[in-house]
Amino acid sequence: MATIGIAGAGLVGRLAAWALSRAGHAVEVFDPAPDAHPRFDGQGAAAFTAAGMLSPMAELEAASPEIAALGFASLQLWPGIAEALGVRSCLTLEGSLLLSHRQDLGAAERVLSRLRASGLAQAQPLSAAQLANLEPALLPGLQAWSLAGEGLIHPVELMAALHARTEARWHWEQTVSSVEVGRLQLSIGETRRFEWVLDARGLGAKPQLPQLRGVRGEVITLDLPDHGLVRPLRLLHPRHRIYLVPRSRDQLVLGASEIESEDRSPVSLKTAVELMAAAHSVMPALAEARITRLDRNLRPALPDNHPHSHCEPGLLRLNGLYRHGWLLAPALLQRLLAQSELADLSIE
């Protein structure tokens, strides 16, 4: 058994704390947040703001095959993790859809060509009847393609479960100013020593990883009783790459904004109007949806938008997951834990 200190209680920090404590280690987690709960105020863990799409094939539109391969690896890990946490209902793997209006087929074909060129993804075209059978709530006449095996996860419930079911000491309102081998330096001037430390601070690690930047994301939560949507979908549009995700029987999450800005102010009118209009164009029933939350946050990214991981005796770092946090975290963390020989995320 080792003593392990974790800087950051976002998705990576919580997932690591859970896996390491299950392996018998004595784990302590430090985070500047007041407690484990989301605030939806543009601060705190970006994982709370995410839609939770698990779409390695769809991400090939703008990401590399390496990112997709890591995503496929995470898809193999998530069911066991969710089952062990007792929240298997928070994960669905019913596939996802790519949609396009007929006038935007040129933009859609560019995306589909990239998927085909990767050799990793197969987008299955759907007839009008097949689409109506799968998702009757969608507008008739849309062009659609199915991506089998993709899915979605409920970020807020998973984050809560990771906290509640982890035997660790949680130190809230404790900012870690630097992370070195076997040592966490707190902003209050105290130094905490461990056999291993993990830096999972996201943008909080910027003083030690200055190339980090925040990429703003904005999402809209909608309430529409019995909305009928089963699968997450993406609209292939010349200007918008919106996603619409069924969070529950009555709740949907809409988003896709990706703004090169570290502004944490409230959601802009322009974003809200454009996203909602685009979503309404494929799902007419959204006209009666109620807006329950407009949220935003900053996702940590590096210049190449690829994650950064590091392992040496006594020190682990994982950062820069960009917009792929829920898609990549299990696979990246599994690799780090295997390199350090501290734990295993695979659940038999």
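Just so you know, the averaged projected area of the alpha carbon convex hull for region 123-240 sits at 12.4 nm². Here the accessible area is traced with a 1.4 Å probe on the protein chains. For region 230-325, carbon and sulfur cover 53 percent of it.
Between the Cα long axis of helix 325-340 and the first principal axis of the chain there is an angle of about 30°, rounded to the nearest 10.
For L236, the amide hydrogen comes within under 5 Å of the amide hydrogens of L99, S100, counting only partners 5 or more places away or on other chains and with H modelled in the peptide plane. Under the criterion of Cα pairs below 8 Å and six or more residues apart, the relative contact order for region 107-257 equals 18 percent.
For region 76-139, give the percent of accessible area contributed by carbon and sulfur heavy atoms, probe 1.4 Å, rounded to a whole number. Walk me through the intermediate numbers first.
On the way: 1660 of 3330 Å².
For region 76-139, the apolar C and S fraction of the accessible surface comes to 50 percent.
Calculate the FRET efficiency for D304 and K270 from the Cβ-Cβ distance with a Förster distance of 30 Å, rounded to the nearest 0.05. Present the calculation step by step, with values, prior to reporting the outcome.
Values: r = 28 Å, r/R0 = 0.95.
The formula returns an efficiency of 0.60 here.
Against the chain, whose longest principal axis is taken from its Cα atoms, helix 269-280 shows a tilt of about 50°. Its relative contact order, with pairs defined as Cα atoms under 8 Å and 6+ residues apart, puts the chain at 25 percent.
Per-residue Karplus couplings for region 129-145, computed as 6.51 cos²θ - 1.76 cosθ + 1.60 with θ equal to phi - 60°, are listed in order as 5, 5, 5, 4, 6, 6, 9, x, 6, 7, 4, x, x, 6, 7, 9, 9 Hz, Gly and Pro entered as x.
Across region 160-166, computed HN-Hα scalar couplings (Karplus, 6.51 cos²θ - 1.76 cosθ + 1.60, θ = phi - 60°) run 5, 5, 4, 6, 5, 9, 10 Hz from first to last residue, x flagging Gly and Pro. Spatial offset of region 1-53 relative to region 65-105 amounts to 22 Å, using the alpha carbon center of each.
To the nearest 10 degrees, how steep is helix 65-85 against the longest Cα principal axis of the chain, on a 0 to 90 scale? Taking Cα atoms only, the helix is inclined about 70 degrees. Heavy atoms of the protein chains alone define the surface here; on that basis the chain has 42 Å² accessible area per residue at 1.4 Å probe size.
Each label point was placed 7 Å from the Cα along the Cα-to-Cβ direction; for E195 and I291 their separation is 5.2 nm. Within the chain, antiparallel bridges make up roughly 70 percent of the DSSP beta bridges whose residues both belong there.
Per the Debye calculation on the chain with a single equal scatterer at every Cα and no solvent contribution, log₁₀ I(q)/I(0) for q = 0.15 Å⁻¹ amounts to -1.27. At each listed q (0.12, 0.19, 0.21, 0.23 Å⁻¹), what is the log10 of I(q)/I(0) that the Debye formula gives for region 45-153 modelled as equal alpha-carbon point scatterers? Cα-only, vacuum Debye calculation for region 45-153: -0.47, -1.06, -1.19, -1.29. Between the residues L60, P330, S261, the greatest Cα displacement towards the positive end of the dipole of the chain, with unit charges on the Cβ of Lys, Arg, Asp and Glu, is found for S261.
Every helix of 4 or more DSSP H residues in the chain counts as -39500 (n - 2.57), and over all residues that averages to -8500 deg cm²/dmol at 222 nm.
Over region 215-348, all Cα pairs binned in 10 Å intervals from 0 give whole-percent P(r) values of 11, 33, 28, 20, 8, 1, listed from short to long. Short-range pairs are left out: with C-alpha atoms under 8 Å and at least six residues apart, the relative contact order of region 1-158 is 27 percent. Our coupling estimate for region 291-298, obtained by passing each phi through the Karplus curve with A = 6.51, B = -1.76, C = 1.60 and θ = phi - 60°, is 7, 9, 7, 10, 10, 8, 6, 10 Hz, Gly and Pro reported as x.
The values are calculated or read from the model by the stated rules, or taken from the named source; none is laboratory data. If you're wondering where the values come from, they're calculated on a predicted model, not measured in any experiment. We place every Cβ from the backbone using ideal geometry, glycine too, and count neighbours over all the protein chains shown. Remember, those area values only see protein heavy atoms, side chains included, never the ligands or the DNA or RNA. Shrake-Rupley method; radii C 1.70, N 1.55, O 1.52, S 1.80 Å.
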